[in-house]
Structure formats: structure tokens, C-alpha cells
């Protein structure tokens, strides 16, 4: 398996275009399989930057040094599981059991330490779970939703991002027309 390039200088975070928090989290590898491949969650700093950008935590949120490795490990396992399950569903198959187990385990673990408040109920995740908890539960919510039939995967091999096609006629083909769509059209013209 190819090792993902580390990020000494951080490239811009990927745009969140999927229509679901969990899918946006899965879409944090850019230029898959190329020499330009970037893992935006390559370390704890990348994970925190993405979570802050997504609004999961505030700008002052931090994770102590002893918990950073757990955050990165949990984040990578969850990302891989969401991608695996989403890819299977997008291709018309059933969700992969291994990926479902990871999503289930992380959702259950983070929920066990969470509190419910208010009406309608709001889940308040414990400090260390404020990133992984909402993402795992967004994956669970997506799996329970009626939108699974609209789950698609961007076709270029160097992309493969997942997204919900919310167009009226289900015609969205690419993660973004401005990137993968335009590149595909340029290739057709050559």
C-alpha cells in the first residue's frame, strides 16, 4: 500500500462537497494514487484543522499529547470504514461488514460517554470525542436515511470522492464540475 505524503506545509483543506459530514470526512485524501497524493488527516494537526474548519470544535480546541495518537488512529479507521461502506453502496452492493463494525463501535463508544440535553435531544460528546463522535453518528444517520440510493462516487481514479446526488433527476456525475467534471471534459476533447 502506498504511503501517503506527510504535510510539512499544509495545503488547503478539501472543500466539503459531499452533502454529509461523514462523507466529507472520507473525502480527505486528494489526488489518490498519484505522486501528488495528500492525506489531509496525516497527523493530529491535520485532524484538528479539519475539525475546526468543519465547525465540530472551536478555534481554541486542543487535544493533549497523550490522546493525539488515539485521535489520529480513530480518525483514520473511521475514514477508511466510511469510504469502504460508501464505495460498496455507491457501486450497488451491500455495505461491507468490517466497515459497518468500525462505524458501530466508534459510534457506540462515543455515545457511551456523551450526554443528551434539550428537546429535541442534542448529543453532547465528551471532550475527547467531540471530533470522532459527530462523524461516526453522521455515518449512522446516513446509513439510516433514505438518501443511500443517491450516494455516488466520483469516477476518476485519482479522486474517488463520495457524495450525495441531490439533483432533481439524479444526474450529478462528479464530486465537483469545476474540478473533476472539467478535467473529464478536457480529456474527451483531446
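The values are calculated or read from the model by the stated rules, or taken from the named source; none is laboratory data. Values in this document were obtained by computation on a predicted structure and should not be read as measured data. Note: ideal-geometry Cβ built from the backbone for every residue, glycine included; neighbour counts use all protein chains shown.
Looking at the range 148-171 only, could you name the residues that are touching a helix residue (DSSP H, G or I) at 6+ places or on another chain (Cβ under 9 Å), under 16 Å from residue 24 (Cβ atoms) and surrounded by 16 or more Cβ atoms within 10 Å (Cβ to Cβ)?
Answer for the range 148-171, where residues must be touching a helix residue (DSSP H, G or I) at 6+ places or on another chain (Cβ under 9 Å), under 16 Å from residue 24 (Cβ atoms) and surrounded by 16 or more Cβ atoms within 10 Å (Cβ to Cβ): 151, 152, 153, 154, 159, 160, 161, 162, 163, 164, 165.
Could you list all residues from the range 18-52 that are surrounded by fewer than 18 Cβ atoms within 10 Å (Cβ to Cβ) and within 25 Å of residue 147 (Cα to Cα)?
Listed by number, the list holds a single entry, 19.
Got at least one residue in the range 14-22 being at negative phi, modelled with pLDDT under 95 and not in a loop (DSSP other than H, G, I, E, B)?
No, every residue in the range 14-22 fails to be at negative phi, modelled with pLDDT under 95 and not in a loop (DSSP other than H, G, I, E, B).
Need at least 1 residues that are in contact with a strand residue (DSSP E or B) (Cβ under 7 Å, 6 or more places away or on another chain), farther than 25 Å from residue 171 by Cβ and free of Cβ contacts under 8 Å to residues at least 40 places away in the same chain per element, so show me which strands (runs of 3 or more DSSP E) inside the range 84-159 make the cut, counting only ones lying wholly within it.
Of the strands (runs of 3 or more DSSP E) lying wholly inside the range 84-159, those with at least 1 residues that are in contact with a strand residue (DSSP E or B) (Cβ under 7 Å, 6 or more places away or on another chain), farther than 25 Å from residue 171 by Cβ and free of Cβ contacts under 8 Å to residues at least 40 places away in the same chain span 115-117, 122-124.
Can you name the residue in the range 80-103 that is farther than 21 Å from residue 19 by Cα and surrounded by 15 or more Cβ atoms within 10 Å (Cβ to Cβ) and, of all such residues, is modelled with the lowest pLDDT?
Looking at residues that are farther than 21 Å from residue 19 by Cα and surrounded by 15 or more Cβ atoms within 10 Å (Cβ to Cβ), I get 96.
For the range 28-48, which positions are closer than 24 Å to residue 66 by Cα and either out of contact with any helix residue (DSSP H, G or I) (no Cβ under 8 Å at 6 or more places or on another chain) or not in a loop (DSSP other than H, G, I, E, B) (or both)?
Within the range 28-48, 39, 42, 44, 45, 46, 47, 48 qualify.
Of the numbered conditions (1) outside any helix (DSSP H, G or I); (2) surrounded by fewer than 18 Cβ atoms within 10 Å (Cβ to Cβ); (3) touching a residue at least 60 places away in the same chain (Cβ under 8 Å), residue 63 satisfies every one except a single condition; which is it?
Residue 63 satisfies all of (1) outside any helix (DSSP H, G or I); (2) surrounded by fewer than 18 Cβ atoms within 10 Å (Cβ to Cβ); (3) touching a residue at least 60 places away in the same chain (Cβ under 8 Å) except (2).
State yes or no: is residue 56 assigned to a loop (DSSP other than H, G, I, E, B) and within 19 Å of residue 124 (Cβ to Cβ)?
yes
Can you pull out the residues in the range 160-174 that are under 13 Å from the mean Cα position of the chain (by Cα) and either on the phi > 0 side of the Ramachandran plot or part of a loop (DSSP other than H, G, I, E, B) (or both)?
160, 161
Of the residues that sit in the range 66-79 and are within 15 Å of the chain's Cα centre (by Cα) and more than 16 Å from residue 18 (Cβ to Cβ), which one is surrounded by the fewest Cβ atoms within 10 Å (Cβ to Cβ)?
This residue is 73.
Would you mind finding the one in 121, 138, 126 that is within 28 Å of residue 62 (Cα to Cα) and either under 17 Å from the mean Cα position of the chain (by Cα) or surrounded by 20 or more Cβ atoms within 10 Å (Cβ to Cβ) (or both)?
Matching residue, one of 121, 138, 126: 138.
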